[in-house]
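The values are calculated or read from the model by the stated rules, or taken from the named source; none is laboratory data. Please read these numbers as outputs of a predicted model, since none were measured by experiment. Positions of Cβ are generated from backbone atoms using ideal geometry, with glycine treated the same way; all protein chains shown enter the neighbour counts. These accessible areas exclude ligands, DNA and RNA; they are computed on the full protein's heavy atoms, side chains included. Shrake-Rupley method; radii C 1.70, N 1.55, O 1.52, S 1.80 Å.
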Amino acid sequence: MKRLAILGSTGSIGKSTLSIVEQFPERYSVAALAAGRNLDEFFAQTVRWRPGVVSVATEELAGELAGRLKAAGVTGIEVVHGSEGTVVCSTLPEVDFVVSAIVGVAGLEATHAAILAGKPVGLANKECMVAAGEILMAAARKRDVPIVPIDSEHNAVHQCLRVGQHAEVKAIWLTASGGPFRQLPLDEFASITPEQALKHPTWVMGRRITIDSATMLNKGLEIIEACRLFDVPPSQVRVMVHPQSTVHSLVEYVDGSIMAQISVTDMRLPILYALAYPERPASSLTFDMASLRHLDFEPPDFDRFPCLRLAYDAAEKGGAHAIALNAADEIAVEAFLERKIPFNGIPGTIEKVLASTPESHPATIAEVLASDREARVKARALLV
Ligand code: MG
């Protein structure tokens, strides 16, 4: 029985993780849950799963949740809050595995603390790896703590890497759906609306990641994530547009063989893989191979998607540049959704912030968070 801490339990990855626990009650149980501000959903989860500890964003919300639990006659659950509360969840002695699915750098401290406490991590939060991958991976290697990616592409790469040695890897090929604007004429990019950008062709996801898919900045973050997770230089990570999102990614070996991972587009499969690794439990998440007819691939258009070029530059420089790429994008996406800047203002803002970021490599999580705040201040200043 693996006892889980799920950080970000009311988000889409968190909910999918709980549905896996539901399907495999003999394999997994819930020891701790952490969420933000969605108290109704979180109260229902707490009552359903009865974890030992639960954490919410603020002291006020913690008080409200404790009151509701008491009124419902639910006892014996410790309610904590804030980033310290999330750390309590991720480092509980009885926790065997931590699912890190809090969006943004908010999940960083708890993920780092889990690794320091020797807990294996299923990582759904790509911002953690982008902003602090150098620190997290060094800590994980030192303690021999497995970090299994839940991001579908990296999960596919993780699977494809199991058939060869690190020195035998020639390239990692990340597939990308290309988003909704893959074929839109370039001169129409300036007039793209938030509504258009929020319609993703193959995946249903949160708002920021959906916009990031439309600009392909999401793939840019994934390039950096792959460099850190799999210890390869940016030149060894390539992107291929694959509109069907059937091949989740590929690994090319030096002998010329290429391994691809194919499965349903359902995040429950990478979650199950991460939870069960190195085992493979039988599941109902089957892919209908018999009805597969064709797979399309094309190289990405760097003129259409300047975020890819910005990401390669940031991956090469690392440290503060990777942090700034992520932070500036988050601010720029908010501004786009609020109709303050046009769609191509997103790469425009990121480029300016990167240009004014001096090269540095934060050595601690506190320094990473300070660098992140600095980049956000710069991005906001550009948008007023
Ligand atoms: Mg992905």
Considering the alpha-carbon set of region 248-384 alone, what are its Rg and its Dmax in angstrom?
19.9, 54
Taking amide H positions as placed in the peptide plane 1.01 Å from N, state which residues far from residue 58 in sequence (5 or more) or on other chains have amide H under 5 Å from it.
82
Show me the GluC sites (Glu not before Pro) within region 66-139 that DSSP assigns to loop and that have at most 13 other Cβ atoms within 10 Å of their Cβ.
94
For region 73-124, just the Cα set please: Rg and Dmax, both in angstrom.
11.4, 36
Express the relative contact order of region 236-302 as a whole percentage, based on alpha carbon pairs under 8 Å and six or more residues apart in sequence.
43 percent
Do the sum for the chain: with -39,500 (n - 2.57) for every DSSP H run of n ≥ 4, divided by all residues, what is the mean residue ellipticity at 222 nm, to the nearest 500 deg cm²/dmol?
-14500 deg cm²/dmol
Probe 1.4 Å, all protein chains present, accessible-area order of 81, 158, 166, largest first:
166, 81, 158
Within the accessible area of the chain, what % is carbon and sulfur when the probe is 1.4 Å and the other protein chains stay in place?
53 percent
antiparallel share of DSSP beta bridges within the chain, to nearest 5, in %, is 30 percent
Give or take rounding to whole Å, what are the principal axis extents of the alpha carbon atoms in region 261-323, in descending order?
42, 31, 14
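Could you give the accessible area per residue of the chain, probe 1.4 Å, as a whole number in Å²?
Heavy-atom SASA per residue in the chain reads 43 Å².
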Have a look at the chain and give its Rg and Dmax from the Cα atoms, expressed in angstrom.
20.4, 64
Hull volume per residue for region 159-208, using the convex hull of the C-alpha atoms, in Å³ is 143 Å³
Using a simple charge model, +1 on the beta-carbon of Lys and Arg, -1 on the beta-carbon of Asp and Glu, nothing else, what dipole does region 2-149 show about its Cα centre, in debye to the nearest 20?
360 debye
For region 238-283, state what percent of all Cα-Cα pairs lands in each successive 10 Å bin, counting from 0 Å until the bin that includes the largest distance.
22, 43, 31, 3
How large is ³J(HN,Hα), in whole Hz, for each residue of region 177-189 in order, when computed from phi with the Karplus curve 6.51 cos²θ - 1.76 cosθ + 1.60 and θ = phi - 60°, using x for Gly and Pro?
5, x, x, x, 10, 4, 10, 6, x, 4, 6, 9, 5
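If Rh is defined by the Kirkwood formula over all Cα pairs and Rg also comes from Cα, what ratio Rg/Rh do you get for region 2-149?
With Rh from the inverse mean 1/r over Cα pairs, Rg/Rh is 0.96.
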Contact order relative to length for the chain, counting C-alpha pairs under 8 Å separated by 6 or more residues, stands in percent at 15 percent
Highest-MSF residue in the chain out of 50, 37, 293 [GNM, Cα springs under 10 Å]:
293
Taking the Cα centre of the chain as origin and charging only Cβ (+1 Lys, Arg; -1 Asp, Glu), how large is the dipole, in debye to the nearest 20?
500 debye
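Quote the convex hull volume per residue of region 179-311, based on C-alpha atoms, as a whole number of Å³.
Dividing the Cα hull volume of region 179-311 by its residue count gives 153 Å³.
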Sequence-distant residues sharing a close amide H with residue 360 (under 5 Å, placed H)
320, 321
Mean-square fluctuation maximum in Gaussian network of the chain, Cα pairs under 10 Å, restricted to 363, 140, 131, hits 363
With equal scatterers on the alpha carbons only and no solvent term, can you work out the Debye log10 of I(q)/I(0) for region 132-232 at 0.10, 0.14, 0.19, 0.22 1/Å?
-0.37, -0.65, -0.97, -1.15
